[in-house]
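What follows draws every value from the coordinates through simple rules; no lab data is involved. All values derive from a computational prediction rather than experimental measurement. Cβ coordinates were reconstructed from backbone atoms using ideal geometry, including for glycine residues, and neighbour counts include every protein chain displayed.
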Amino acid sequence: MLLEAKNITKTFGSFRAVAGASIAVEENAIIGLIGPNGAGKSTFFNCLAGSATPTEGIVIFDGRDVTRASPEAHAIAGIGRTFQVPATFQEMTILDNVMVGSFLRHPNPHNARAHALEILSLTGLEGQAYRRAGTLGTPGRKRLEIARVLAAGPRLMLLDEALAGLTPTELKEAIELLRKIHAMGIAMVIVEHIMEVIMTLTGHVLVFNQGHVIASGKPEDVVKDPAVIEAYLGRGRHRRRS
């Protein structure tokens, strides 16, 4: 098992944001986390990424306990993450942004640059390598963040609404990019509201509501679960896009 989180609980004072949630991610798997806003999925996601420390529970990655390891230690171990709001270095070029990730595995500047250019080609950003990152719109910044995470050589990518805010054409292109990345042998955990992404990419889905995992299984089965329909899909705000 590549990643296993057991009985994760996260409290903030008397508020329990996550209550005993667990996940198991096999090599090269794609797992989706869905649920209404405030359901606890992002807090759980942050516990997996090292951005938050669980109040209870344990996170094991590649046989190592990373429950209380720093985000930097997670990155070194092989866990990369994106953020809902892309964290780009806006005054740097797009190439230099990707080199930031590349330096983790390639400390030599020449090698880091060469690797970053390969990643830019893979992600379709090679033609914009020398543009300032701040000139990109939201879709470009999201793609750049994926590129920077990929350049760090992850075995597991944690994607936090990385495809939100895209047009239908941009969404299809982004889905194809994630498929290419997955074909490289990289596992993914995706937090997403767009059901087209979940139904198209994931092989397994966890549904959160009020801090609890209320359903777990194949996406085509989960969307038929009455509890899921009541808590999430039936509200109409995040139905599958056509």
Helix 109-122 axis, angle to the chain major axis (alpha carbon atoms, nearest 10°): 60
Return the distance in nm (one decimal) between the two label points of a simple spin-label model at E176 and K218, each offset 7 Å from Cα along Cα→Cβ. 2.7
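Helix-only estimate, please: 222 nm mean residue ellipticity of the chain, summing -39500 (n - 2.57) across DSSP H runs of length 4 or more and dividing by its residues, to the nearest 500. Numbers along the way, then the final one.
Working: 9 runs with 86 residues, N = 242.
Result for the chain, helices only: -10500 deg cm²/dmol.
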DSSP bridge pairs, the range 91-242: antiparallel proportion in percent, nearest 5: 55
Degrees, to the nearest 10: 138-151 long Cα axis against longest axis of the chain: 80
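Can you list, largest first and rounded to whole Å, the semi-axes you get for the chain by taking the square root of 5 times each eigenvalue of its Cα gyration tensor? Kindly include the intermediate steps, with their values, before the conclusion.
On the way: eigenvalues 174, 91, 47 Å².
Working through the eigenvalues yields semi-axes of 30, 21, 15 Å.
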Angle between the chain longest axis and helix 168-183 axis [Cα atoms, degrees, rounded to 10]: 80
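Which ordering of V98, V223 is given by a fewest-first count of other beta-carbon atoms within 10 Å?
Working: V98 31, V223 21.
Ranked by crowding around the Cβ, least crowded first: V223, V98.
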Proxy exposure order for F15, F61, F208 (fewest C-beta within 10 Å first) is F15, F61, F208
Note on the range 1-140: contact order normalised by length, alpha-carbon pairs under 8 Å, 6 or more apart, percent, works out to 19
Under 19 Å from a point placed 7 Å out from the Cα of E91 along the Cα-to-Cβ direction: which residues of the range 124-155 have their backbone N that close? 130-136
Would you mind ranking S14, S70 so that the residue whose beta carbon has the fewest other beta carbons within 10 Å leads the list? S14, S70
Using alpha-carbon coordinates alone, the radius of gyration and Dmax of the range 75-178 in Å work out to 12.7, 40
